[in-house]
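Here is the structure we will look at.
The values are calculated or read from the model by the stated rules, or taken from the named source; none is laboratory data. Remember, predicted model here, so these are calculated numbers, not experimental data. A quick note on method: Cβ atoms are made from the backbone with ideal geometry, for glycine too, and the neighbour counts reach across all protein chains shown. To get the accessible areas, we keep the full protein, side chains included, count just its heavy atoms, and leave off ligands, DNA and RNA. Shrake-Rupley method; radii C 1.70, N 1.55, O 1.52, S 1.80 Å.
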Amino acid sequence: MRGFRSAVALVGAALAGSCVYLNSLYNARRSFDEGERARVEGRSAEAQAAYDDAIRKASASFRKDPSGSWADDALYLLGRAYLGRGADARAVDALEEAIERSESDELRSRARFRLGSALTRVGAFDRALPLLDSAAIDPHLDDQVGEVRLERARLLLAQGRLGEAAFDLLRAEELDPSLTVEVEFERLEAGIVHDDPPQAVAAVDALLHEPRAEVFADSIGSLVRAAARRWGPGGAADLLAPVRTGDWPQQSRDRLLLQRIALLAEAGDTLAVESEAGWAAQGTTAGAESARLVLARIRLRRTEEVAALDRIRVVLLPAAGNPEVARLVADIRRVEVLDDWGRVEDPVAWFVAAEMARDRLDAPRLARGLFLRFASEAGDSPWAGKAVLAALATTPDPRSDPALRSGLEARTADPYVARARARSSAGSSLGDLEARLNQIVVTLLSRADAEVQRRDLFLRGVDTLSQSPELR
């Protein structure tokens, strides 16, 4: 009786150990599946964490019974998790071990296919290609034939066999439409690496019309940056030309459109920048606010008259809740206020407005005009020469403006002009002049701040009255 109880206890212990073993492998599979879902949905950090968890659990499962009937399953799962994690050399080792140990034809077929993928990633193309060729016709892989074609295309692309790769990519998408996003990313990357802009543009267009690709907007942006290094900013901007007509929500497309705008600006295509920024600015997203800023800054750089600032402010006002926009609007109003005071109070306000236009608005043409207006209207001012020098500094090519240079030559006694000519005797008188000017600037800017606030409060009051029931 004692022997019988001992035998029962041993069987019970074995069954319990088997249950623990299978439960560990089951949990490893669950973690791996979570990683696959996260990868497909663009949640890369979560995918990596899930793969790591699958690796820990599959490894533990294998160590518990390395000679058991489920050891090959644990090794196969371990190899796939290593692939997901990007540990390709370790994936090769695990998958080779699974193939050697397994007696299941189906598992061996699946492991050979994944081994072909791992060998491709480590650059062992000669070993990988026969495995992927065999997988493409293996009946055990009928449910994965699209993925087999995709992996084979990746190998062929790495070998530069573009025509064959294009055929496999086409077949992969036909056989398994769920692979569309991965296929188009392969086409995009191949178009960049192999200098085929039309293919790359077509791939971006396809991705922008695929809702599932929206979560990979950052990945598209990274590939576009790679294209900029290869083709220059103009060529990279062309990749994002389809962004206006894509099917993604506007907010997601705006991110790529702003990248296109930045590339066009870097390429010096101002007209295209204004066109794209003007289109993007029509929306109400954060991207639209950024586009309004871009549009305003482009127009500020070519503005020559204070009167034109009102039209630029109108562009910005719908985005006034944005702190950067609010600061720029306030600076525009300060320049307008100072311009008014230059006409009716003291021309030196034009000098302060000119410095604001140059330093805060990045409006060099407007600044130049204001500096010259001050120098012209207040010719006996001790800071007239300083204004002419500042105007000269904002002129792209001073040699193209002989009148400006001759006016400077006429100011032989001006201390600022003398210092510019490196006359050491001029230096002693500038300290007092700069201190006086600095005090004037501080006073005028303080007054301008108060005036801008007063006008803002007035405009808000008018807006409130216009919305009251009595005045509707």
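Applying the selection to the stretch 166-180, what residues are in contact with an Asp or Glu (Cβ under 8 Å, 6 or more places away or on another chain) and either farther than 18 Å from Arg114 by Cα or in a helix (DSSP H, G or I) (or both)?
Correct list: Leu169, Ala172, Leu179, Thr180.
Considering every residue within the stretch 173-186, establish whether at least one is under 15 Å from the mean Cα position of the chain (by Cα) and under 28 Å from Glu36 (Cα atoms).
no
In this structure, is Ala307 assigned to a helix (DSSP H, G or I) and farther than 28 Å from Ala241 by Cα?
yes
Could you count how many residues in the stretch 33-75 are open to solvent by 80 Å² or more (accessible area, probe 1.4 Å), within 18 Å of Asn23 (Cβ to Cβ) and of a type in the set (S, T, N, Q)?
Going through the stretch 33-75 one residue at a time, the tally reaches 1.
For the stretch 76-116: of the residues being open to solvent by 50 Å² or more (accessible area, probe 1.4 Å) and touching a Gly at 6+ places or on another chain (Cβ under 9 Å), which is nearest to Leu132 (Cα to Cα)?
By that ranking, first place goes to Glu96.
So the check is Cβ under 7 Å with 6+ separation or different chains; which pairs have a first residue in the stretch 100-123 that's farther than 21 Å from Asp142 by Cβ and modelled with pLDDT under 95 and a second one that's open to solvent by less than 10 Å² (accessible area, probe 1.4 Å) and among the small types (Gly, Ala, Ser)?
That search, which allows pairs on different chains as well, returns Arg101/Ala71.
Read through the list (1) in contact with a helix residue (DSSP H, G or I) (Cβ under 9 Å, 6 or more places away or on another chain); (2) surrounded by fewer than 23 Cβ atoms within 10 Å (Cβ to Cβ), then give the number of the only condition that Ala135 fails.
(2)
How many residues are buried (at least 22 other Cβ atoms within 10 Å of the Cβ) and either in contact with a His (Cβ under 9 Å, 6 or more places away or on another chain) or basic (Lys, Arg) (or both) when one looks only at the stretch 278-299?
The qualifying residues number 1.
All but one of (1) crowded, with 21+ Cβ neighbours inside 10 Å; (2) modelled with pLDDT of 95 or more hold for Gly232; which doesn't?
Answer for Gly232: the failing condition is (1).
Give all pairs with beta carbons closer than 6 Å in which a residue from the stretch 285-300 that is farther than 22 Å from Arg368 by Cα meets a residue that is charged (D, E, K, R); count only pairs at least 6 apart in sequence or on separate chains.
Thr285/Asp254; Gly287/Asp254
Output the number of residues of the stretch 381-413 satisfying the condition of being closer than 23 Å to Asp346 by Cβ, open to solvent by 20 Å² or more (accessible area, probe 1.4 Å) and either under 45 Å from the mean Cα position of the chain (by Cα) or at pLDDT below 80 (or both).
Count: 6.
Could you list all residues from the stretch 156-165 that are in a helix (DSSP H, G or I) and either of a type in the set (Phe, Trp, Tyr) or open to solvent by 70 Å² or more (accessible area, probe 1.4 Å) (or both)?
Listed by number, the residues that qualify are Leu162, Glu164.
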